[in-house]
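Beneath this line is the structure, given in structure tokens, with notes to follow.
The values are calculated or read from the model by the stated rules, or taken from the named source; none is laboratory data. No experiment lies behind these values; they were computed from the predicted model shown. Using ideal geometry, Cβ is built from the backbone for each residue, glycine included, and neighbour counts are taken over all protein chains shown. Areas reflect the complete protein model, heavy atoms only, side chains present, ligands, DNA and RNA absent. Shrake-Rupley method; radii C 1.70, N 1.55, O 1.52, S 1.80 Å.
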Amino acid sequence: MAKTPETAKKAPSKAASKPAKAKTAKAGDAKSGGAKGKSAAPAETPSRKVAAGVGTAPGVDAQALGGELAELRRRQPRFRGLEAGHRACQGCGEALGARLVMEAAGPDVMVANATGCLEVFTTPWPQSAWRVPWIHSLFENAAAVASGMEAALKARGHRTKVMAFGGDGSTFDIGFQALSGMLERTHNVLYVCFDNEAYMNTGIQRSSSTPHAAATTTSPAGSQRMGKRHLKKDLLQIIAAHHVPYAASASVAYAADLRRKVRRAIEIEGPTFLLLHVPCPLGWGHDGAKTIEIARLAVQTGLFPVVELERNELAGVMPIRQPRPVSDYLKLQNRFRHLFGNDHRARQEREHLQALADHNIATYHLLGEEPDPLDTEGADTVRRGGLIA
Amino acid sequence: MPVLTRGAYAEPGTSLAFKTGDWRTMRPVHKHWAAPCHGACPAGEDAQEWLARFQEGHPREAWETIAHINPLPAVTGRICPHPCETACNRTHYDSPIAIHALERWLGDQAILNNWSFPGAQGVAEPAAVAVVGAGPGGLSCAYQLARRGHKVTLIDALPEPGGLLRSAIPMTRLPRDVLDAEIGRILDLGITFKPHTRLGDEADLARLRQEHRAVFLAPGIGLAKNWSVGGQVPTDHRPALELLKEFIAHGKVPTPASVIIHGGGNTAVDLARVMKRAGVAEVHLVTASGLPGPDTEPGDILNVVPRELHEAIEEGIIFHPHRTIQRLLMRGSKLMGIEMVSLRKLPGASGRKSRVAFEGTETILHADMVIPAIGENVDPTGFEALLGGAPYFRPADEWGRLPGHPDLFVGGDARGDRGTAAGAIGDGRKAAEAIDLFLAGQEPVHQRRPTLPYDHLNMAYYEPAPRREPPVLPVEQRTDSDEIEGPLPDAEARAEANRCLSCGSCLACDNCWTYCPDNAVIKTIEQAQDGSHYVFDYEYCKGCGMCATECPCGYIVMEEDH
Ligand SMILES: Cc1cc2nc3c(=O)[nH]c(=O)nc-3n(C[C@H](O)[C@H](O)[C@H](O)COP(=O)(O)OP(=O)(O)OC[C@H]3O[C@@H](n4cnc5c(N)ncnc54)[C@H](O)[C@@H]3O)c2cc1C
Ligand SMILES: Cc1ncc(C[n+]2csc(CCOP(=O)(O)OP(=O)(O)O)c2C)c(N)n1
Ligand code: SF4
Ligand code: SF4
Ligand code: SF4
Ligand code: SF4
Ligand SMILES: [Mg+2]
């Protein structure tokens, strides 16, 4: 796969972001194991011998499991399209999103990837984290390159699915005409936009996907403005207006929903589009441990509606039974920090964002009609033994 | 092969050569916490663990998990005041798991299908051990010793085993066929049961100690406390427990037109209900404790199974909470009624709580009979020296060891601060474990896991679900013999078990495996050493903490990485 060494060598400089603090535990607390299938010691039990130290050190466990970790990694019961060792930040939503998309897509795919974080952190030459044929296009032309790949495969009689990956900058802004052309020419390509709502790879510049009032390096908050003045572009509707068979939004917080949508889009012969919301701990200014929590709140507040459109008709929504106030989402992120100061505009902008969320809820009927007690229709309901897909 | 002048390629998956684990300052580890239900169970059951087996669709394994700890689940499932449910984390979300109802369901399945007890590790040198008292405490101890291979002799003064479970608890709450089935299964382990054998009468403590390497004493509390009101006592008064036992044995109970029962425990409430059903028009219960409500502290509520209280009120028992009897109204030796006064348990100058009666709140209550139900002490006949005049075996340590008597162990109600079947069962088990170790010349050691607080759960992954309540006979259909609370239907039981959040124990939900952006959680078919099916690959884990945040049940915590 061709790839320019120049771009490939670039490693994200933000790799060493702040260490994440989650539930902190005292050292040694992990000693008492025992969850499934073992008769665990009761809270108070005398024992003849001191319980054998159950460590969580990888070597110990791997041996107990009869194999090296590398071997266990090879035996994972899922397709590892995007492997470890990539250079994404701690808690990167985009890396997670790409991993989940690859898992659902399976091995019979080829990818054209626009310039951006995903491209850079996965391919620090001479290494690559990808395990499918993958090509780095330019910032602006992933859809055009994918169109060419698809045409070539078709000409040779291959049925391998082509996917195009791009960030929001690449998709909403500079690569938009190439994407529009790809849709218009009805190429059999699934385009996935990894929407982290700014140009992250080059240092958090605003894009047309950056939400209203978010601070970026080119839409700073200050005396003149409260972050970005303009609104987040409603790209999904523009895509749907191309009359494509399938265009949907999804969130990394709802893996089961995302997998289903990838599979559905791949099955469709024709141009399909997925807008995947992926928090960026560095660019949004949040704890990397909270990536999923924040992605979930974006959905639960109504700020990021999760919907499916078929031929420009609404085909499905992920309902929110009990919407959360937008401030729950905003206050976890530094890009919205200025909305919590004493400035009178802070309150106004918070109310503005709340109104935008309410508008989404009303437009897409997100509250749902049936008395189903499950919000998100069970996409985030855990069951013993695994998520229901 | 064309020469690439502008461009390069890389082999698939070669990023694995770069170990991102170096970036880490914190690392995720699995941590098996104690679920609150576990810490709260006086018997020591880990409801989380057996509910997990239930959720997996293995009810027999669920029952066996209980039976390792408690050999009487069909009994405790029926009569336990279930502090486990009070502690259940799900209370903070919607309502607690109906643990008692599921315990009963499993206990009933075991009886129905004749399941036998799970095996236990035997001992190298079996020893002869005597157990005094065949109540739940003695039975539990005998069971735990017998299944380890010891030769157990169980003696009781009464003709049949069961203690108060048989002699005092009404059949409407505990059918005797259920009791017989669970006790029979214990005795079948090869325990020598000697009925009609009273320590201090047919048996002698010195002899017992000579013939056995260790003795466990669980005689319960059989001696009614002295009762009088300012020195007054009606000449013909009889303690409630005596009347209740007589009713259980012979089906007869006095039926005055109105009665006042003085006390707020199980005995008071059970007798009140029996007398009401026998036709006593007015049954009053005067108790210093409070009824559940906003102005009653949890520790001040009547010490009975919560639903029993509810049913008693339904049946028309008149409660006088936060009251005591100040004076008996007598005409000659005949009781006419009582004078009640309000009181509360309040802290005094030292901080210790004592009862404070409030002047000016006196009221008169007329009745034909007053029955004290204020509790019992240990009957020390035959082992007076061990008690030294005290009403209970207070100085015993948590394993039931009596200071100065390495071969003597005590447990159950006789300790004075137990009062439940589950408590006696827990004492019996702990003593058996300590006896087993003592016989091998070893000391018991604690293994306590910290309890998982509610805020360590990630509730985003659970859905609201109503608690399933077992069916209850309507008041007009209640008799003296039929069980009042029925079993949960099978499908309901399964649904109820599925509500458990698996506090602090991996439920194999795949969340960590799904959400790690770095493929650093490896899923294993085989069980990892800690019992889960996931291992962290620290060569790549960047320590972001996402797996810990998204683990629904708190099983992953982040710790400093050096
Ligand atoms: C009316 C009533 C209702 C109750 N309801 C509940 C309830 O709903 N839930 C609950 O958890 N608990 C309830 N309890 C309490 C529960 O029954 C006791 O906590 C439990 O039975 C105590 O068990 P134990 O083994 O310590 O003693 P016991 O059950 O009292 O058994 C002691 C045994 O030792 C025997 N014994 C005594 N002295 C000697 C001797 N010297 N020699 C030989 N044998 C002797 C006795 O005959 C008896 O069989 C209730 C109690 C009563 C009285
Ligand atoms: C034509 C062109 N303009 C600018 C750049 C520099 N550039 C590389 S990546 C990038 C931003 C990428 O933003 P986005 O598409 O949102 O992806 P992200 O890094 O946020 O994932 C820019 C401006 C470029 N490579 N090519
Ligand atoms: S014995 Fe009682 S406290 Fe223990 S699990 Fe059963 S109902 Fe709960
Ligand atoms: S939810 Fe389950 S594990 Fe947690 S306290 Fe309740 S019964 Fe125990
Ligand atoms: S999510 Fe992955 S990288 Fe992050 S702490 Fe957990 S195992 Fe490590
Ligand atoms: S996230 Fe799920 S699978 Fe992973 S440790 Fe927690 S309970 Fe187990
Ligand atoms: Mg971007």
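Numbers for the structure displayed
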read-out	value
Share, in percent, of DSSP beta bridges within the stretch B:228-374 that are antiparallel, nearest 5	60
Theoretical FRET efficiency, 1/(1+(r/R0)^6), r = Cβ-Cβ of residue B:237 and residue A:347, R0 51 Å, to 0.05	0.10
For residue B:401, distant residues with modelled amide H under 5 Å away	B:410
Under 5 Å, built H, 5+ apart or other chain: amide partners of residue A:246	A:273, A:311
Spin-label pair residue B:11/residue A:186, simplified geometry with 7 Å Cα→Cβ offset, distance in nm	4.3
Shielding by partners - mean other protein chain Cβ count within 10 Å, residues of A:114-124	1
Derived scalar couplings ³J(HN,Hα) [the stretch A:256-267; Karplus, 6.51 cos²θ - 1.76 cosθ + 1.60; whole Hz; x for Gly, Pro]	5, 5, 5, 4, 4, 5, 5, 4, 5, 5, 5, 5
Extension reserve of the residue B:479-residue B:465 stretch, reckoned as 0.36 nm per residue once the Cα distance is removed	1.7 nm
Cα gyration tensor shape for the stretch B:228-374, rounded if a/c is under 1.5, else prolate or oblate	oblate
Label point distance in nm, residue B:394-residue A:156, each placed 7 Å from Cα along Cα→Cβ	8.9
Average beta carbon contacts from partner chains per residue of A:291-300, 10 Å cutoff	3
Distance between modelled label sites at residue B:491 and residue B:331, nm, 7 Å Cα→Cβ extension	6.2
Residues residue B:128 and residue B:91, FRET efficiency given R0 of 51 Å [Cβ-Cβ distance, rounded to 0.05]	0.65
Gap separating the Cα centres of the stretch B:33-81 and the stretch A:276-334, nearest whole Å	40
Between the stretch A:222-263 and the stretch B:132-160, the alpha-carbon center distance in angstrom	69
Hz values of 3J(HN,Hα) by residue in the stretch A:346-352 - Karplus curve (6.51, -1.76, 1.60), Gly and Pro given as x	4, 4, 4, 6, 4, 5, 4
Solvent-accessible area of residue A:78 with every protein chain in place, 1.4 Å probe, in Å² to the nearest 10	40
Percent of beta bridges antiparallel (DSSP, the protein assembly as shown, rounded to nearest 5)	40
Residues whose placed amide H lies under 5 Å from that of residue A:214, excluding near-sequence neighbours	A:228
Label point at residue A:314 placed 7 Å out along Cα→Cβ; residues across the stretch A:226-263 whose backbone nitrogen lies under 14 Å	A:237, A:249
Kyte-Doolittle mean at least 0.5 and Cα axial length at least 20 Å: DSSP H helices in chain B	B:421-439
The protein assembly as shown, accessible surface, carbon-and-sulfur percent (1.4 angstrom probe)	53
Contour minus Cα-Cα distance for residue B:385 and residue B:204 (0.36 nm per residue)	63.9 nm
Using a Förster distance of 25 Å, the FRET efficiency for residue B:245-residue B:417 (Cβ separation, nearest 0.05)	0.65
Amide N proximity, the stretch B:448-481 versus residue B:315 label position 7 Å along Cα-to-Cβ, cut-off under 13 Å	B:473-481
Contour minus Cα-Cα distance for residue B:455 and residue B:60 (0.36 nm per residue)	139.0 nm
Where the stretch A:224-264 is the region considered: accessible area per residue in Å², 1.4 Å probe	39
Average beta carbon contacts from partner chains per residue of B:48-55, 10 Å cutoff	3
